[in-house]
1. Somewhere in segment 106-119, is a residue of a type outside the set (Gly, Ala, Ser) and under 16 Å from the mean Cα position of the chain (by Cα)?
2. Give me a count of the residues in segment 11-60 that are of a type in the set (A, V, I, L, M, F, W, C), loosely packed, with under 14 Cβ neighbours inside 10 Å and within 16 Å of the ligand (Cβ to nearest atom).
3. Considering only segment 109-121, state which residues are surrounded by 15 or more Cβ atoms within 10 Å (Cβ to Cβ) and either basic (Lys, Arg) or not in a helix (DSSP H, G or I) (or both).
4. Search segment 227-247 for residues that are farther than 16 Å from Lys273 by Cα and pair each with any residue that is away from the ligand (no atom under 13 Å from the Cβ) and in a helix (DSSP H, G or I) when their beta-carbon atoms are under 8 Å apart and the residues are at least 6 apart or on different chains.
5. Looking at (1) of a type outside the set (Phe, Trp, Tyr); (2) at pLDDT below 85; (3) out of contact with any Pro (no Cβ under 9 Å at 6 or more places or on another chain); (4) within 23 Å of Thr8 (Cβ to Cβ), which one does Gly272 not meet, given that it meets all the others?
6. I want to confirm something. Restricting to segment 253-269 and keeping residues that are part of a strand (DSSP E or B) and either near the ligand (Cβ under 10 Å from one of its atoms) or among the hydroxyl-bearing types (Ser, Thr, Tyr) (or both), which single residue is nearest to Thr8 (Cα to Cα)?
7. Among (1) surrounded by 18 or more Cβ atoms within 10 Å (Cβ to Cβ); (2) of a type in the set (Val, Ile, Thr); (3) within 16 Å of the ligand (Cβ to nearest atom), there is one condition Ile167 misses while meeting the rest; what is its number?
Amino acid sequence: MNNSVYLTPVCNMKEFNNLFIELTAKNCNQHCKHCYIDFPLSKNVKDFIPLETVKQALNDTKNENIKCIYLTGAEPMTHPDFNHILRACLKYSNVCIFTNGTFINEKKVRFLKRVEDESSFEIIFKLSIDHYDEIKNDDIRSRGSYRAVVHAIKSLAKYGFNPILCITNYYHEDRNTLMEEFKKLCKKAGFDADENNFTINEYADKNSSVEEIEKWDSPDCEYGRILTAKGVYSCPFLANDHRGRCGSSFSDYSRHNTLETQFCKTCAKNKGKLFGINFELFE
Ligand code: SF4
């Protein structure tokens, strides 16, 4: 009998540096073709994490070496208490906002700059954009998304933020070409970007079969966990998925997890963290 459960690789968390908080599991104003989230047919899902749950998690993890708190979604900026949560997190660490950029305009950026100035930590933006060509981008992400994110880049640059562009290489194009074209796009938007301002991840279909994973290199689960309204999970890919379940809160959770899903194959293929920031590059 092939008892494959005993062959499943196990990942032990090395250090808890990255605390991901899923502000909403399914509330997003875009439904991108490659998104790992299975969206319901109705767009209007109100599944926001309670502010109290976030505060409890911040308290439970205060003795860990958290380098950054990441606000994720679906689209985190749709959370009605987004500003409160951001301020609460900024008392503990740098905060990175994963966003499609549609809620970022000059007025919002001016406000966020003030919030950052009140704190001793930084706000970092990870903006999703998948192609430097408007038509190709909007074909993946939805009409108007290219213009929205370019406007967000412009506004953030104007107030001195240094955004990171998250690109899923959906069309399997040459990475150097992508990088060069995205640099040009940023320059046009008034933002002088270098290689560290881009993370390019290879697209992998979440529905394809799982091959055996032999080697992996610093996946997100080695350095962090994600909190959702339902509990603690190994990484954003496996948020609310029983295969990534680590516990119900940070007062008692598991620091090891198995690598058995198609997403884990994506991590192994891409090498390094897909969600967490490599802060060494910015030092
Ligand atoms: S998807 Fe990646 S980060 Fe998540 S458990 Fe698998 S290897 Fe770890």
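1. Going residue by residue through segment 106-119, those that are of a type outside the set (Gly, Ala, Ser) are 106-118.
Within this subset, residues satisfying the condition of being under 16 Å from the mean Cα position of the chain (by Cα) are none.
Within segment 106-119, not a single residue is of a type outside the set (Gly, Ala, Ser) and under 16 Å from the mean Cα position of the chain (by Cα).
2. Step one: list which residues in segment 11-60 are of a type in the set (A, V, I, L, M, F, W, C), which gives 11, 13, 16, 19-21, 23, 25, 28, 32, 35, 37, 39, 41, 45, 48-49, 51, 54, 57-58.
When the remaining residues are screened for being loosely packed, with under 14 Cβ neighbours inside 10 Å, the result is 41.
Narrowing the set further to residues that are within 16 Å of the ligand (Cβ to nearest atom) leaves none.
So the answer is 0.
3. Lys113, Ser119, Phe121
4. Within 8 Å, the pairs are Leu227/Thr53; Leu227/Val54; Leu227/Ala57; Ala229/Thr53.
5. All conditions pass for Gly272, except number (3).
6. So the first thing to find is which residues in segment 253-269 are part of a strand (DSSP E or B), and the list is 253, 256-258.
Next cut, either near the ligand (Cβ under 10 Å from one of its atoms) or among the hydroxyl-bearing types (Ser, Thr, Tyr) (or both) only: 253, 257-258.
Values: Tyr253: 20, Asn257: 10, Thr258: 6 Å.
If we take residues in segment 253-269 being part of a strand (DSSP E or B) and either near the ligand (Cβ under 10 Å from one of its atoms) or among the hydroxyl-bearing types (Ser, Thr, Tyr) (or both), then Thr258 is nearest to Thr8 (Cα to Cα).
7. For Ile167, the exception is condition (3).
Quick grid of which residues meet (1) modelled with pLDDT under 95; (2) within 20 Å of the chain's Cα centre (by Cα); (3) under 27 Å from Asp174 (Cα atoms):
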position: Pro80; (1), (2), (3): no, yes, no
position: Ala88; (1), (2), (3): no, yes, no
position: Ser93; (1), (2), (3): no, yes, no
position: Ile104; (1), (2), (3): no, yes, no
position: Ile129; (1), (2), (3): no, yes, yes
position: Ile135; (1), (2), (3): no, no, yes
position: Lys154; (1), (2), (3): no, no, yes
position: Gly160; (1), (2), (3): no, no, no
position: Pro163; (1), (2), (3): no, yes, yes
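The values are calculated or read from the model by the stated rules, or taken from the named source; none is laboratory data. Just so you know, these numbers come straight off a predicted model, no measurement behind them. Don't worry about glycine lacking a Cβ; one is built from the backbone with ideal geometry, like all the others, and counts go over all protein chains shown.
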